[in-house]
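All of the numbers you see were taken from the coordinates with simple rules; none came from a lab. These numbers come from a predicted model, not from an experiment. Because the Cβ atoms are built from the backbone with ideal geometry, glycine has one as well, and the counts that use them run over all protein chains shown.
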Amino acid sequence: MSFIKAAYQDMAHCCDEFKRGLVFLEQGRFGESIKCFSRACGSVLPSDQFYQKYKSYYGFSLLLNGDVAALQVCRDAMKSSPGDGDICMNLARAEVVLGNRLAAINAIEAGMALSEGHEGLLALQQKIGVREKKPLPILARDNPLNVALGKRMRREYR
């Protein structure tokens, strides 16, 4: 899976270790990113607004470094801060890495509900091919009425 860069808007308030960790993560240097994200987590209290973000990146780096149990770190971060698009994206990416497509879709949808313009979530959604909801859920997806309504609705929103 190719890396999808986080779309965190204002990194000015994040600590330097977090910023360094992002650089290492994007370079595929997971050992270094794990150390940076671990230090970032240690630099703030668990009640800090950025703690769960740091924790989710730490978990995602661990997972990419081969620690499958780190998926739970990503899940815990999302439970604690479900409105952060980056945290939802990290969980979705972790689920994709482990082949849990449905769980990834659920994480993307949860993130999009509160961060609908999140570039990373949109890119991941497009990459794994998440379909939009059917206009009429009681009819089959390939029903001509659903197809026609779907095309019309999508055209009006784009």
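Over the residues of the chain, the helix contribution to mean residue ellipticity at 222 nm works out to -19500 deg cm²/dmol, using -39500 (n - 2.57) for each DSSP H run of at least 4.
Placing +1 on the Cβ of every Lys and Arg and -1 on the Cβ of every Asp and Glu, with no other charges, gives segment 11-130 a dipole of roughly 240 debye about its Cα centre. Going through the cross-link list Lys55/Lys127; Lys35/Lys79; Lys127/Lys151; Lys19/Lys127; Lys53/Lys79, which pairs have a Cα-Cα distance over 18 Å in this structure? Lys55/Lys127; Lys35/Lys79; Lys127/Lys151; Lys19/Lys127, as the Cα separations exceed 18 Å there. In the chain, the sites counted are GluC sites (Glu not before Pro) in DSSP loop states with at most 14 other Cβ atoms within 10 Å, and the longest stretch holding none of them, exclusive of the sites, is 1-115. For Val97, Val68, the sequence from fewest to most other C-beta atoms within 10 Å is Val68, Val97. So how tilted is helix 51-64 from the main axis of the chain? Cα-based, degrees 0 to 90, rounded to 10. Compared with the principal axis, the helix lies near 80 degrees. Each 10 Å bin, from zero up to the one with the longest distance, holds this percent of the alpha carbon pairs of segment 106-150: 26, 37, 34, 3. Find which of Phe24, Val68, Tyr58 sits farthest along the positive direction of the dipole of segment 11-130, computed with +1 on the beta-carbon of Lys and Arg, -1 on that of Asp and Glu, about the Cα centre. Among Phe24, Val68, Tyr58, the one farthest towards the positive end of the dipole of segment 11-130 is Val68.
Over the Cα atoms of the chain, Rg to Rh with Kirkwood Rh, two decimal places?
Details: Rg = 17.4 Å, Rh = 16.5 Å.
Ratio of gyration radius to Kirkwood radius for the chain: 1.05.
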